[in-house]
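Notes follow once the structure below has been shown.
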Amino acid sequence: MNNLPTIEILGIPVHPLAMSEAVAYLVDRVKQKLVTNVVTANAEIIMLVQRDPDYKKILQAAECVLPDGAGTVWAGRTLGFAVPERVAGFDLFLNLVKTAPEHAFKIYFFGASPGIAELAKKKCEEFAPGVQIVGCRNGYFTAEDVPQIINDINQSGADILFVALGAPKQEYWLRDNQELLKPYLRIGLGGSFDVLAGKMARAPKWMQEASLEWLFRLYKDPSRLGRMIVLPKFVLKVLTAKYSGK
Ligand code: UDP
């Protein structure tokens, strides 16, 4: 499928690229007009896969699975692999937006509450002058709206589609519509439009560097506690895999 270095974390193939390598690879794929599905796999996603065989298939089929989050980087290294750094979905998003004008790539934003994608678009136009964000659509829709959404995305001529519906909804949506969509590069971005629009704060740099972004998110939104309860389970599973050789 591709020649990327691949490691396996709890049954999931992960491509341990550095950010600059990931961006170069994805730019090249778009230039070659090759369809590429990207999943930025954090610990929550890897744990979700453990109890959802369909989601697992999506990750196994994705052309590029990047190590998002301190947990995934830690897991890869603990299992004995070289993982250069964390490639967070939000940072990948910003880097692709910055490089898009140079290659005249067109981008479509799909997801988040009404008005958020448009705010994120404005921010991108400030830090990446000349960027072509050719369409925005909020992420709240019914099954009947889907043909119109796909039509709008395709008519826009976008090369890159960012889908911010949260995991796993965004990956399922991309899988269900993969044959109909025209953009080459398709990436699920979770809450990234909210962060860029200023609706959701990102952890300060020191917390990111201390691998504490999860703690910041929990502090900002305590309702995430239920989801985060999987994190200690993730640690345990990785340690079990390491010491049992499974
Ligand atoms: N969202 C959406 N449609 C939905 C459900 C969620 O557009 O049906 C958006 C939501 O508004 C938010 C994002 O998806 O912008 C989910 O953000 P979250 O931080 O929960 O995602 P994660 O990064 O944890 O996957």
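Odds and ends about this structure:
- Some residue of region 90-97 being over 16 Å from Val163 (Cβ atoms) and either in a strand (DSSP E or B) or touching a strand residue (DSSP E or B) at 6+ places or on another chain (Cβ under 8 Å) (or both): no
- Among the candidates Ile160, Ile153, Ile229, the residue that is buried (at least 19 other Cβ atoms within 10 Å of the Cβ), more than 19 Å from Pro67 (Cα to Cα) and within 15 Å of the ligand (Cβ to nearest atom) is uniquely Ile153.
- Among the numbered conditions (1) within 16 Å of the ligand (Cβ to nearest atom); (2) open to solvent by less than 10 Å² (accessible area, probe 1.4 Å), the only one that Ile107 does not meet is (1).
- Region 71-104, subset of a type in the set (Gly, Ala, Ser) and on the phi < 0 side of the Ramachandran plot, residue surrounded by the fewest Cβ atoms within 10 Å (Cβ to Cβ): Ala82
- Checked against (1) open to solvent by less than 50 Å² (accessible area, probe 1.4 Å); (2) in contact with a strand residue (DSSP E or B) (Cβ under 7 Å, 6 or more places away or on another chain); (3) among the charged types (D, E, K, R); (4) within 13 Å of the ligand (Cβ to nearest atom), Asp194 passes all but a single condition, namely (2).
- Test: residue in region 200-223 that is in a loop (DSSP other than H, G, I, E, B), under 19 Å from the mean Cα position of the chain (by Cα) and more than 15 Å from Gly69 (Cβ to Cβ): yes
- Selection count, region 46-61, where residues are open to solvent by 10 Å² or more (accessible area, probe 1.4 Å) and either assigned to a loop (DSSP other than H, G, I, E, B) or closer than 19 Å to Leu174 by Cα (or both): 10
The values are calculated or read from the model by the stated rules, or taken from the named source; none is laboratory data. From a predicted model like this one, the values you see are computed outputs, not experimental measurements. In this analysis, Cβ positions are derived from the backbone assuming ideal geometry, glycine residues included, and neighbour counts consider all displayed protein chains. Calculation scope for accessible area: heavy atoms of the full protein, side chains included, ligands and nucleic acids excluded. Shrake-Rupley method; radii C 1.70, N 1.55, O 1.52, S 1.80 Å.
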